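Below is one structure; the comments refer to it alone.
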Amino acid sequence: MAVTFRELLNPRPTAPIARVTDPTERRAIVVELVIVGVLTFAFSAIAAALSLIEAQLSGGIGNSTVALNPSRSDLGWIDFARQLMSAIRLFAIGGLGAYLLWRSGIGLDRVGLGRWKPRRDVPAGLGMAALIGLPGLALVAIARALGLNAHLVPSEVDGVWWRWPVLILIAIGNAAAEEIVVVAYFITRLRQLGASENGSLAASAVLRGGYHLYQGVGAGLGNIVMGLVFGRFFQITARVWPLVIAHAVMDVVAFVGYALLHDHLAWVG
């Protein structure tokens, strides 16, 4: 689908969502947004900002280490159970966003969550992963060199048999939770409240950047850029599955790739 520069700056939604004008319904949406935000990514953004401030006051974010998927127990089977619970929770967060939209009368196909189309969604997702992932690696290296990012440890490297499948499951869960809630749910609700396409896009991107601040300023800025690209894609195409695929691919490469090649990835830290 060809998109002009003007359409890129001011897109017309493929599946327009009507603005809610009834005061009671608007209040209900605001309350719902607050509750979902506290339970998911808005509160995480506040916690991430506090972590960044703490790291800066304790010697600088560049001197800190952040484990993205740390072990949850010294006992293997408890670690496995907790990691699995973490993955299930991520899928539940994505399911919550989809359910709330569906329960309010918005068909899931209108917000990009209808039947997925492998022939279209998979190539688009892989293309988005390359578009964001490859420059993202360069940004990580630059931010780390400038002391703007923490030393990142994407995964444990203990080699237990269940580590890789659980990491893949967590990567897919991350992708589903973030893209469904931060893109499809959040932008749709802001549309209902009357926000412009550019305004809702900016809010979604800033939220995405905010809950990654615990990794450093570079990670926050990089994820804002990712949020702008992913959010605009959603606004133009009304498709979320390519975003889930792209995000999952990037996380799988980061998590499993680090576990396999950590001895050669000193530049990440």
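The values are calculated or read from the model by the stated rules, or taken from the named source; none is laboratory data. Not measured: the values here are computed from a predicted model. No Cβ is skipped: glycine too gets one built from the backbone with ideal geometry, and neighbour counts run over all protein chains shown.
How about segment 36-152: which helices (runs of 4 or more DSSP H) wholly inside it have at least 1 residues that are hydroxyl-bearing (Ser, Thr, Tyr)?
Where helices (runs of 4 or more DSSP H) fall fully within segment 36-152 and carry at least 1 residues being hydroxyl-bearing (Ser, Thr, Tyr), they are 41-57, 76-103.
Quick grid of which residues meet (1) surrounded by 15 or more Cβ atoms within 10 Å (Cβ to Cβ); (2) in a helix (DSSP H, G or I); (3) over 13 Å from the mean Cα position of the chain (by Cα):
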site: ALA171; (1), (2), (3): yes, yes, no
site: ASN174; (1), (2), (3): yes, yes, no
site: ALA184; (1), (2), (3): yes, yes, no
site: ILE187; (1), (2), (3): yes, yes, yes
site: ARG191; (1), (2), (3): yes, yes, yes
site: GLY199; (1), (2), (3): no, yes, yes
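If you check every pair at least six apart or on different chains, which have Cβ atoms under 9 Å apart with a residue in segment 46-63 that is farther than 17 Å from ARG144 by Cα and of a type in the set (Lys, Arg) first and a residue that is surrounded by 14 or more Cβ atoms within 10 Å (Cβ to Cβ) and modelled with pLDDT of 95 or more second?
So the pair list comes out empty.
Can you tell me how many residues within segment 187-226 are among the polar types (S, T, N, Q) and free of Cβ contacts under 8 Å to residues at least 12 places away in the same chain?
Result for segment 187-226: 1.
Restricting to segment 57-83, and then to whatever is surrounded by 15 or more Cβ atoms within 10 Å (Cβ to Cβ) and among the aliphatic types (A, V, I, L, M), can you tell me which residue is nearest to THR188 (Cα to Cα)?
Here the answer is LEU68.
Out of segment 51-104, which residues are under 19 Å from TRP164 (Cα atoms), in contact with a helix residue (DSSP H, G or I) (Cβ under 6 Å, 6 or more places away or on another chain) and either modelled with pLDDT of 90 or more or among the charged types (D, E, K, R) (or both)?
ARG72, GLN83, ALA87, LEU90, PHE91 - these are the residues of segment 51-104 that are under 19 Å from TRP164 (Cα atoms), in contact with a helix residue (DSSP H, G or I) (Cβ under 6 Å, 6 or more places away or on another chain) and either modelled with pLDDT of 90 or more or among the charged types (D, E, K, R) (or both).
Within segment 110-123, which residues are surrounded by fewer than 19 Cβ atoms within 10 Å (Cβ to Cβ) and aliphatic (A, V, I, L, M)?
Passing the criteria: only VAL122.
Of these, VAL20, VAL30, which one is assigned to a loop (DSSP other than H, G, I, E, B), at pLDDT 85 or above and closer than 21 Å to VAL182 by Cβ?
VAL20
Within segment 211-242, how many residues turn out to be under 15 Å from GLY136 (Cβ atoms) and either assigned to a helix (DSSP H, G or I) or at pLDDT 95 or above (or both)?
Residues that pass the stated criteria total 15.
So the check is Cβ under 6 Å with 6+ separation or different chains; which pairs have a first residue in segment 238-250 that's under 20 Å from LEU68 (Cβ atoms) and touching a residue at least 60 places away in the same chain (Cβ under 8 Å) and a second one that's small (Gly, Ala, Ser) and assigned to a loop (DSSP other than H, G, I, E, B)?
From residues that are under 20 Å from LEU68 (Cβ atoms) and touching a residue at least 60 places away in the same chain (Cβ under 8 Å), there are no pairs.
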